[in-house]
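The values are calculated or read from the model by the stated rules, or taken from the named source; none is laboratory data. Note that the coordinates shown come from a computational prediction; the quantities given were computed from them, not determined experimentally. Here the Cβ is made from the backbone with ideal geometry for all residues, glycine too, and neighbour counts use every protein chain on show.
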Amino acid sequence: MKLKLPLIATAICLSYGVSAQTGKIALKNNAVQVQSNSSKITQRTCGTEAPGAQWDAWFNKQVEDFKIANQNGKAQMVNYTIPVVVHVIHSGQAVGVGFNISQAQVIDQINILNADYAGTGLNNGNAPAVFSPLKANCNISFCLAQKNPSGVTLTEPGIDRVNAVTNGWSTTGYTQAYTDATIKPATIWDPTRYLNIWALDLGSGLLGYATFPAASGNTGLGGPFGTTTTDGVVILNKAIGSIGSAVTNAPYHKGRTTTHEVGHWLGLRHIWGDGNCLTDYCNDTPTAQQSNFGCPTHPYKVGVCAGNTTGEMFMNFMDYTDDLCMYMFTTDQRTRMQTTMANGTYRSQLTTSAATLCTIAAATPTAGFLMSTTGCVGSAVSVTNTTNGTPAPTYVWSSVSPTGVSFTPNNTASAPSINFTNPGTYSITVAATNSLGTNSQTKVITISNCAVVCADTLTNVSPTGTLMVGAAGSDTATPGCSPKAGYIAGSNCYKDKEKAEYFPTSMYSSIASPQIKSVIVLFYKNGTQGTGGTASMAVNMKLYTGTMAGGPTATTAPFGQVNANIGNIVAVTATNQVNYVGSQPIVYTNPIIRPYRYLLASPVNAPATNGFFASVTLPTTAGDTAVIFDDPSVATGTNWELWSDNTWHDLATAWTGYSTSLAILPEIQCGVTGINKNSVLDANVSLHPNPSNGLINIIATLPNAQNLEITVHNSLGQLISSTKHNGVTSNVFNMDLSSYSNGVYIVTINNGEEKIVKRLILNK
């Protein structure tokens, strides 16, 4: 089910229309968004703070000394190469989608930087005749770093992808303060070896900002200077490059924001001196009154500032004009940047690192891979390719006994999964080849007929909105109640008794002896509350047989039921994200999701035919409300409702034209044998989703506070994760294994009194 999640929502507003057939209100959600830059930016904004007079005095002396040394032949313009790493901060999107910009977009930005700093960038030939002789080749180039700080060759040169969700950060509309205090220190690479660029969703309309080079040998200077935890450049992700998401960001869509901010990082001031007709300390940039926007026509503002006879140099990269209308640095600006590279803290050491980071020596491949020594018929075996070689090798995987062996997606993939249809012992070989030669490695694996392995599964929706199943309560919009309306604040006008979600057998047919262990319901925190009478606060879960065409088959005889009330649900710790609802997690800025788990006293068999319904009973007392998340993007609705006259009705028909799936999520397991039925951990701790794409939720619903130790081992027995959590009751813990290869992992959960082991399958 492909979902269209709202941009991170902090509250829910409701718009509504009335059904002509039933008079019920069809509610639809609209997200109230935090202040991010998802909307179009119409005017350039740079968040770089101007350095103070003490720094200006120090740096200007360095510039003058450099000029004198250059004239005397003691110094000269040097060709500098700067290694770059771009930290792409995203919130779980696939590469090339949304905040997770593509490799091509990053490469495009580096190409733009190199052209702009060489004086050959887009539209540079448009410089007016009076300014054309001043255009400069700055003798500075940029390369995407080939290795990370540990010396490991990067799969995507110069790119460090960082998931904000798994780091527990907010995921949109970042402020400078949050970026500098939280994101930068956690992600920065050694600034003496790399120019760090952060591509993220800046808030407050900012396009970017940078740190100035600190004054070497001077202490106590306050100001916008880079440190070991902050040095570098921050750019709005859709202002990176000129392709991908940048095409939506006109007129700031040609990569010039990065050119501008790197100019600050190299010591350049705004051409208007950050004041009215002030100086940028470059004699060849005419004095400018203030920042310029749009695309002015030369000559522009002649004589507005004293001594300006040529007009302002609005096409300079250090002005604020549109990307298409800025295209030059000057010779004096080049001198300042060269001075920075020779003297600036962190900057002066970058040329040394470029020698090892910008290129990788050619080498014959050394083939290698990791693989389990045992496996099961019908279960994919994962491999981890550890081959080295430059240029990058191509691969051919093979088996000495090829019958019954297949490689997915094919035998030339870098790290395919391997499937075996027959038991036996197999020799698996990888041959790695590049222009310098070929090398191979062979390993042996024994395949057996194994018992069926089953994993718990949540079978339903990925929620994107809210569906009101009770009164609006404290929500920001509360439709009134009338003969033609549906709800009023504090009451369930129509006295509807239950909402039920349908699950066909196809959702669990692949599971051996499927049993329903529990049902997790995602309640909306701000609309689920209890203020009415205790007796009517029940919000129970029931399981019915039935079909989507005919609805639940009984109103009084569910084959499974768990009782709860509003108080139980409100007591659950709210979270801002869940990862077990689809291929992508749902993430909100604030903790507004209450995942309540209805745990059956013992698992019940899932119907072998037709499927089943899982329902939630609704409160009817004024002040008692229950709000469940839903997915309104489905083509066909999958739910029914029980009216006050005890008749069931298809929700899509009752609410004309409104199709939805409720966030009612049955937990399906294999038929269980040989497990201690009194195990507190087994009954109250589960992993979802399983199989997983790498983002896993560990859901605990323990009857009392316990201290848990959670460890994860791979199929080779190697420990890959160990965490401790104290005082756990109703909690959801996030675990990110997306960087590990496909295969079976062993998750051990220990509370000091008992230990359980669960198999986790990664299948990305």
Item to check | Condition check for residue 284: more than 22 Å from residue 345 (Cα to Cα) and either assigned to a loop (DSSP other than H, G, I, E, B) or of a type in the set (A, V, I, L, M) (or both) | outcome: yes
Checklist outcome for this item: Cβ pairs under 6 Å, 6+ apart or interchain, first in segment 740-764 and within 17 Å of residue 683 (Cα to Cα) and touching a residue at least 60 places away in the same chain (Cβ under 8 Å), second surrounded by 17 or more Cβ atoms within 10 Å (Cβ to Cβ) and of a type in the set (Asp, Glu), ordered by first then second residue, are 756/682
Item to check | Criterion: assigned by the TED database to the domain that holds residue 614, farther than 25 Å from residue 637 by Cβ and at pLDDT 80 or above - qualifying residue of 549, 574, 535 | outcome: 574
Checklist outcome for this item: Here the residues within segment 254-273 that are under 17 Å from residue 43 (Cβ atoms) and touching a helix residue (DSSP H, G or I) at 6+ places or on another chain (Cβ under 6 Å) are 254, 256, 257
Item to check | residue 752 vs. criteria in contact with a strand residue (DSSP E or B) (Cβ under 8 Å, 6 or more places away or on another chain) and not in a loop (DSSP other than H, G, I, E, B) | outcome: no
Checklist entry - Where residues in segment 167-199 are buried (at least 24 other Cβ atoms within 10 Å of the Cβ) and modelled with pLDDT of 90 or more, which of them is farthest from residue 80 (Cα to Cα)? => result 174
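I'd like to know if segment 73-89 contains one or more residues that are over 28 Å from residue 170 (Cβ atoms), aliphatic (A, V, I, L, M), part of a strand (DSSP E or B) and at pLDDT 95 or above. It would help to see each step written out before you state the result.
Step one: filter segment 73-89 for residues over 28 Å from residue 170 (Cβ atoms), giving 73-83.
Remaining after also requiring aliphatic (A, V, I, L, M): 75, 77-78, 82.
Adding the requirement that they be part of a strand (DSSP E or B) leaves 82.
Subsequent filtering for residues that are at pLDDT 95 or above retains 82.
Looking for residues that are over 28 Å from residue 170 (Cβ atoms), aliphatic (A, V, I, L, M), part of a strand (DSSP E or B) and at pLDDT 95 or above, one finds at least one in segment 73-89, hence yes.
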Checklist outcome for this item: Checked segment 651-673 for anything touching a helix residue (DSSP H, G or I) at 6+ places or on another chain (Cβ under 7 Å) and at pLDDT below 65; matches are none
Checklist entry - What number goes with the only condition from (1) surrounded by 15 or more Cβ atoms within 10 Å (Cβ to Cβ); (2) at pLDDT below 85; (3) farther than 29 Å from residue 698 by Cα that residue 393 does not pass? => result (2)
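Kindly evaluate residue 305 against the criterion of being under 30 Å from residue 85 (Cβ atoms) and either more than 42 Å from the chain's Cα centre (by Cα) or part of a loop (DSSP other than H, G, I, E, B) (or both). Spell out how you get there, then give the answer.
On the way: under 30 Å from residue 85 (Cβ atoms): no; either more than 42 Å from the chain's Cα centre (by Cα) or part of a loop (DSSP other than H, G, I, E, B) (or both): yes.
Judged against the criteria, residue 305 is not a match.
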Checklist entry - If only one of 129, 50 is at pLDDT below 95, within 27 Å of residue 290 (Cβ to Cβ) and part of a loop (DSSP other than H, G, I, E, B), which one is it? => result 50
Next on the checklist: Please count how many residues of segment 394-443 are of a type in the set (Ser, Thr, Tyr), within 35 Å of the chain's Cα centre (by Cα) and more than 26 Å from residue 362 (Cα to Cα).
Outcome noted: 3
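One residue is enough: does segment 297-313 have a residue meeting the conditions crowded, with 24+ Cβ neighbours inside 10 Å, among the aromatic types (Phe, Trp, Tyr) and under 28 Å from residue 242 (Cα atoms)? Show your work before the answer.
Step one: list which residues in segment 297-313 are crowded, with 24+ Cβ neighbours inside 10 Å, which gives 312-313.
Now narrow it down to the ones that are among the aromatic types (Phe, Trp, Tyr): none.
For segment 297-313, residues crowded, with 24+ Cβ neighbours inside 10 Å, among the aromatic types (Phe, Trp, Tyr) and under 28 Å from residue 242 (Cα atoms): absent.
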Checklist entry - Could you count how many residues in segment 689-728 are of a type in the set (S, T, N, Q), in a strand (DSSP E or B) and at pLDDT below 80? => result 3
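Looking only at segment 43-77, count every residue that is within 30 Å of residue 157 (Cα to Cα) and touching a helix residue (DSSP H, G or I) at 6+ places or on another chain (Cβ under 7 Å) and tell me the total. Please lay out each step first, then the result.
Step one: list which residues in segment 43-77 are within 30 Å of residue 157 (Cα to Cα), which gives 44-48, 77.
Imposing the further condition that a residue be touching a helix residue (DSSP H, G or I) at 6+ places or on another chain (Cβ under 7 Å) reduces the set to 46-48, 77.
Of the residues in that region, 4 qualify.
In segment 401-422, what residues are more than 15 Å from residue 372 (Cα to Cα) and touching a residue at least 40 places away in the same chain (Cβ under 8 Å)?
421, 422
Residue by residue, here is whether (1) at pLDDT below 90; (2) more than 30 Å from residue 69 (Cβ to Cβ); (3) not in a helix (DSSP H, G or I) holds:
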position	(1), (2), (3)
313	no, no, yes
348	yes, no, no
351	yes, no, no
356	yes, no, no
370	yes, yes, yes
379	yes, yes, yes
389	yes, yes, yes
